[in-house]
Structure formats: C-alpha cells, structure tokens
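The values are calculated or read from the model by the stated rules, or taken from the named source; none is laboratory data. On a predicted model such as this, the values are computed, not experimentally measured, just so you know. Note that each Cβ is placed from the backbone with ideal geometry, even for glycine, and that neighbours are counted across all protein chains shown. When the accessible area is computed, the model is the full protein with side chains, heavy atoms only, and any ligands, DNA or RNA have been set aside. Shrake-Rupley method; radii C 1.70, N 1.55, O 1.52, S 1.80 Å.
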2 protein chains.
Amino acid sequence: MCRRRCIGAITVFLAIPAVASAQARTVAERMGYPADAKLLIVHADDLAVAHSVDAASFDALDKGGVTSASIMVPCPWLSEVAAYAKSHLNADLGLHLTLTSEWKTYRWGPVESKDKVASLLDPSGYLWPETGPAVQNLKANEAEREIRAQVELAIAAGIHPTHLDSHMGVLFARPDLFAAYVKVAHDYHLPFLAARVADERAKLLSLLSEKDPVVDSIVMANPTINAGQWRASYGSAVKNLKPGLSEMIVHLGHDDPELQAVTVDHPDFGSAWRQRDYDFVTSADFKQMLEENHIVLVKWKDLKKLLE
Amino acid sequence: MCRRRCIGAITVFLAIPAVASAQARTVAERMGYPADAKLLIVHADDLAVAHSVDAASFDALDKGGVTSASIMVPCPWLSEVAAYAKSHLNADLGLHLTLTSEWKTYRWGPVESKDKVASLLDPSGYLWPETGPAVQNLKANEAEREIRAQVELAIAAGIHPTHLDSHMGVLFARPDLFAAYVKVAHDYHLPFLAARVADERAKLLSLLSEKDPVVDSIVMANPTINAGQWRASYGSAVKNLKPGLSEMIVHLGHDDPELQAVTVDHPDFGSAWRQRDYDFVTSADFKQMLEENHIVLVKWKDLKKLLE
C-alpha cells in the first residue's frame with residue numbers, strides 16, 4: 001500500500017492529498033480533534049513471535065511508550081500474549097495477520113489445516129520465508145481462509161482484537177489479497193491499516209467503506225539508519241509529522257540470546273535493532289519530542305469507535 | 001514402559017532379569033563388550049523446544065557431557081537443530097516423537113495436516129498438554145500418521161536420525177500406541193527406547209524383533225530431589241548402575257529469560273532444573289564418577305549397527 005521515501009533516514013510512506021479521499025471529514029475531525037491535529041499511533045509489531053519481543057512490548061505498552069501493538073497468531077508464544085491481553089483489558093492489541101515465517105532457525109506454519117492452505121506453504125511445510133515467494137504463490141481464497149482462522153484462534157484464546165494489519169506487507173502486495181484483507185476486516189467490524197499512497201495502488205482504497213479510517217502517513221526505521229542515528233532520525237520524523245493520522249511502526253525486543261538466535265544472520269529488524277527501538281520508545285526523550293511537537297497519541301480502539 | 005523406584009532420589013526404572021529376554025546374548029555382548037560391562041547412554045531430551053535447550057544441549061554434546069540427544073520435530077527451533085546436525089555429522093541425534101505440547105505460554109501443533117490427525121488436538125488446536133488426555137483421546141492410526149510425518153520432516157530437514165523415543169512417554173502408555181511406535185521404528189530400521197519392566201507391560205516387548213536392543217534400566221532425576229542433592233543423587237545412581245545397558249535421561253537448558261518463560265509455573269523440568277542437569281553433565285565430577293565406576297559410554301548409533 002505504500003511507496004517509500006526517507007526523511008532523516010526514517011522511512012515515511014507518501015501521502016496523497018486529503019482531497020483524494022472519499023471521506024468528507026478527516027479522521028481527526030471524526031474523532032473530535034481540530035482538522036489540523038497531528039494524531040499518532042505508536043505501534044509495536046510482531047507480538048507472540050518470541051518471548052523477548054513479548055517482554056519488551058508488554059513493558060512498552062505498560063509504560064505508555066507505545067499506544068498499540070499487533071499479534072502474530074500462528075507463532076508459538078500466542079498463549080503468553082493471550083494471558084497478557086486477559087489481564088490488561090485496556091491494552092490496544094490487534095492482529096498482525098501472518099502469511100510468512102522469515103527467520104532461519106525458527107519457523108512456524110499456518111493456523112488452518114495444512115492441506116486446506118497448501119499454497120501458503122514453502123517446500124519445507126512452513127509459511128513462505130519472504131514476501132516475494134508468498135505473493136507469487138498464495139491463492140487468495142487460501143490466504144483468506146488462513147487469516148480468518150487467525151482471527152478465530154485469537155478470539156478463542158480470549159483476545160478482543162482492536163484492529164488488523166499485515167506482517168511483512170503481504171496483504172498489501174496484490175489486489176486480490178488486499179481485497180481478502182478488507183473483506184475479513186469488514187466481516188469482523190475491525191479497523192485495519194491502510195495508508196494513502198500516490199501510486200497505482202491508490203485505487204485499491206476504493207474497496208474501503210466511507211467509514212474505514214485511512215492512515216495518512218507511516219513512519220518506520222529502515223536499514224539505512226546507523227545505530228548512532230536512531231534517536232535523531234526518529235526525532236526528525238516526529239518533527240516533520242504533518243497534520244492528520246500517522247502511525248509509527250516499531251519493532252521491540254531485547255538484545256538477548258533468544259532473539260539473537262531468532263534473528264541470526266539478519267541485522268535488519270534483528271535483536272539489536274529491536275533493543276534500540278525499545279530503548280527509544282521508552283525514553284524520556286521520545287516523550288519530550290511528542291510534547292514539543294504537539295503530537296496527540298491515539299489508539300486503534302479510538303478508530304474502532306468510528307465504525308460503530 | 002516402566003515402573004519407577006527411587007535410588008538416592010533418582011528415578012530408576014525397574015529391570016526384569018535378563019533371562020526373561022528372548023535374546024540369547026546381551027546387548028553388551030553383541031556390541032563386543034564383556035557380559036558384565038556397564039554400558040551407559042547419557043541422553044539429552046527435548047532438542048528444538050527452545051533456543052536455550054538447544055544451546056545447552058549442543059554444548060554438552062560438543063564437550064562429551066552427553067553422548068546422545070533427541071529432537072522434538074513439531075517445535076519451532078527444528079531448523080536450528082537441523083543446521084547443527086548438518087555441521088556435526090557425528091552427533092548422535094534421534095527423534096523425541098512428540099504428541100504433547102505441555103507448556104502454558106508456548107505451544108505447538110502437529111506436523112501433519114490438522115484435519116488428518118484431529119484426535120491429537122486439544123480444544124485450542126495445539127497438541128494435548130498432558131500425557132493423560134493425550135492417551136485418552138489419541139486414535140492410534142492418527143498417532144502413527146503423525147509420528148511418520150515427524151520422521152519424514154526430520155529427514156527432509158537433513159537430519160539422519162539414530163533412534164526414536166517418546167516425549168512424555170505417550171507412546172509407552174497404550175499397547176496400540178506402542179505397537180505404532182515399534183512399527184514405525186522397524187520401517188525406518190531405527191533402534192528405539194524400550195525398557196525392561198517387571199509389570200504387565202512387559203508383554204509388549206513381544207512386539208520387538210530379536211535384533212531390537214532393549215535398555216535394562218533408566219536413570220532420571222525426579223521432583224523429590226532438592227537442588228542441593230542433585231550431584232549426590234546422580235552420584236549414587238551411577239554408583240548403583242548394574243551390568244547391562246542403561247540410559248541416563250537428562251533435560252538440559254539455561255536458566256535464562258526464554259526458558260523461564262517457557263517453563264513458567266512449572267519448576268519440575270523447569271529452567272533451573274535444566275541448568276542443574278547441564279551443570280552436572282558438563283562437570284569434571286560427572287566424568288570422574290563414570291571413570292571410577294568403570295562405566296562405558298555408548299551411543300544409539302552403536303545400537304543402530306546391531307540392526308544392520
């Protein structure tokens with residue numbers, strides 16, 4: 001759903017002008033804020049993938065370092081996250097719909113019975129390791145079947161999802177997959193991550209109902225940033241936020257033996273990267289940046305109310 | 001396959017006299033040792049369950065603290081163990097056939113397509129958490145289908161299994177499950193853990209061929225042992241080993257955040273327990289005990305040769 005450019009080495013997804021929206025009022029106005037308010041969801045991805053990720057994310061949620069997070073339902077630590085969700089009923093937890101299993105040492109399969117979703121499996125029987133082969137091989141009806149199974153398993157585990165998004169962007173990468181994603185979100189009355197884009201994919205937004213909130217810009221660290229530039233890059237991105245609804249996507253974890261082993265040979269989104277993101281979102285610096293730039297923190301739960 | 005009694009607070013499985021065996025010569029004699037030799041396999045269970053378990057077990061295998069280990073194929077760290085197996089071709093690695101998923105925060109399902117093995121799943125869609133409900137619910141043909149899928153997946157991942165055994169003893173707990181286990185082991189020409197017992201289950205040994213090696217006694221720590229008695233208890237068990245083939249089953253891991261989270265609320269076989277087992281098998285004390293008691297360390301690979 002997005003074409004990227006870099007501001008201060010932080011990826012920001014291009015926004016098309018709000019006039020291109022079918023919505024008469026902006027999301028900010030619908031939520032009761034002035035039209036020029038800068039609304040921000042600070043969102044931790046990948047819960048349930050590893051204990052290290054869960055521990056860091058729960059801590060950041062508890063401290064208010066992030067407002068929201070989303071869960072990888074096929075991953076083995078789902079029960080840990082479900083226990084957290086049941087003891088933190090106000091936590092803003094969505095589902096990070098997962099159609100890939102990207103790490104070298106540590107893999108998972110689908111929630112649905114494998115023979116029902118054969119196109120989702122790589123030759124070893126796990127989900128495809130990369131977005132590319134996933135997008136080449138997935139049958140849209142099987143992808144839809146699997147993401148429905150993920151929503152159902154999360155609900156059965158006691159989670160009340162506040163929103164949907166897509167791990168590694170697989171569901172944003174093909175029109176029929178995006179259509180399945182929107183259909184499932186509508187069926188469960190959930191808001192979902194969809195960003196305004198200025199390329200040919202903008203026409204996909206016609207699948208959305210008038211009520212569906214659309215994110216105006218997305219901020220996410222990318223591999224061009226050196227470790228030493230981490231805070232300055234986020235600082236620059238926060239300073240440059242435009243009025244409208246933005247989402248800052250972070251990947252939290254601790255740089256510990258478990259996560260070092262999960263992310264072995266893959267520094268991008270690796271354990272040190274996730275430790276840096278955790279250190280940043282839980283820092284006093286970040287809190288001060290948000291205050292100085294008059295950023296209003298919001299949650300997916302707030303957007304969900306717009307659908308009611 | 002075993003009734004337990006305690007020697008020095010270490011569980012030892014009761015052996016029936018060797019005369020009850022159909023085999024004319026003892027395993028020791030068939031392996032070229034004197035009939036009264038004390039042969040011991042030191043065996044680490046549960047590889048692939050967690051990185052912490054893998055790291056401790058690989059280290060103990062590399063140091064000769066254990067002679068053998070077995071792998072839980074449905075668990076997410078299988079690829080980490082397969083990489084170790086491919087770079088350590090002499091490592092004695094069998095398959096710890098797994099029909100349960102016993103931890104609270106961290107779960108896994110079957111290798112086989114779920115709708116083909118419905119009796120193996122608990123209401124949440126994972127494998128049953130305990131041996132009891134597993135044994136009550138499993139259909140033997142579905143259990144056989146799943147353990148064959150586990151063997152096939154391990155082989156496809158590049159592992160050359162040296163033996164089979166059964167996680168949490170599920171395959172020892174019902175005659176038809178034991179028969180499936182023996183059948184699969186025979187089909188793949190693999191030795192498998194079967195222990196002499198003095199109770200009604202002894203008749204199951206009639207399923208074995210004359211070539212199948214049978215373990216005379218099993219030594220394993222149990223929850224009655226205090227942490228401070230760990231070494232003394234193992235020491236007493238080693239001292240009391242009888243002539244014949246014994247297996248000491250250990251559970252290795254590090255007492256770190258990952259394994260503390262996996263084994264939360266379950267000190268038995270928990271992270272501190274596994275750290276104690278790791279510390280013991282890699283200690284100079286253990287090496288000295290084995291030497292002083294004239295224990296001959298053997299591997300499942302040596303037993304596999306008896307089937308050729």
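Database remark: amide H of A:Gly94 closer than 5 angstrom to the amide H of A:Ala69, A:Ser70, A:Ile71, A:Thr162, A:His163 (H placed geometrically; neighbours at sequence offset of 5 or more, or on other chains; Pro and chain starts carry no H). Using every pair of distinct Cα positions in segment B:64-173, the Kirkwood expression returns a hydrodynamic radius of 14.2 angstrom. Across the identical copies, the 7 Å label point of B:Glu292, projected outward along Cα→Cβ, sits 6.7 nm from its counterparts, in ascending order. Normalising the Debye intensity of segment A:192-308 to I(0), with uniform scatterers on Cα atoms only, and taking log10 at q = 0.11, 0.12, 0.21 Å⁻¹ returns -0.48, -0.56, -1.18. What a 1.4 Å probe finds exposed on the protein assembly as shown is 54% carbon and sulfur by accessible area, rounded to a whole percent. About the centre of its Cα atoms, segment A:150-308 shows a dipole size close to 440 debye [charges on the beta carbon of Lys, Arg (+1) and Asp, Glu (-1) only; nearest 20 debye]. Only lysines eight or more places from A:Lys305 in sequence, or on another chain, were considered; those with a Cα closer than 18 Å are A:Lys211. For segment A:110-246, the residue among A:Leu127, A:Leu193, A:Val215 whose Cα projects farthest onto the positive side of the dipole built from Cβ charges is A:Val215.
Relative to the other identical copies, B:Ala202 shows label-point distances of 8.4 nm, where the label point lies 7 Å from Cα along the Cβ direction and values run shortest first. What you get for the protein assembly as shown, charging only the Cβ of Lys and Arg (+1) and of Asp and Glu (-1), is a dipole of about 560 debye around the Cα centre. Here the sum of -39500 (n - 2.57) over DSSP H runs of 4 or more residues, divided by the residues of chain B, equals -10000 deg cm²/dmol at 222 nm, to the nearest 500. Across the protein assembly as shown, the convex hull enclosing all Cα atoms gives 145 Å³ per residue.
Chain A residue nearest the rotation axis toward B, with distance: A:Glu258, 2 (Cβ to axis, whole Å). Here is the link list: A:Lys104/B:Lys139; A:Lys183/B:Lys116; B:Lys86/B:Lys116; B:Lys86/B:Lys114; B:Lys86/B:Lys304. Which ones come out longer than 22 Å on Cα distance? Violating the 22 Å Cα-Cα cut-off are A:Lys104/B:Lys139; A:Lys183/B:Lys116; B:Lys86/B:Lys116; B:Lys86/B:Lys114.
Rounded is the label for chain B. Its Cα gyration tensor axes, ordered a ≥ b ≥ c, give a/c under 1.5. With label points defined 7 Å past Cα in the direction of Cβ, position B:Gln229 shows copy-to-copy spacings of 6.2 nm, given to one decimal and shortest first. Computed from backbone phi, the HN-Hα couplings of segment A:155-168 come to 5, 4, 7, x, 8, 10, x, 9, 6, 10, 8, 10, 5, 6 Hz, rounded to whole numbers (Karplus: 6.51 cos²θ - 1.76 cosθ + 1.60, θ = phi - 60°; Gly and Pro given as x).
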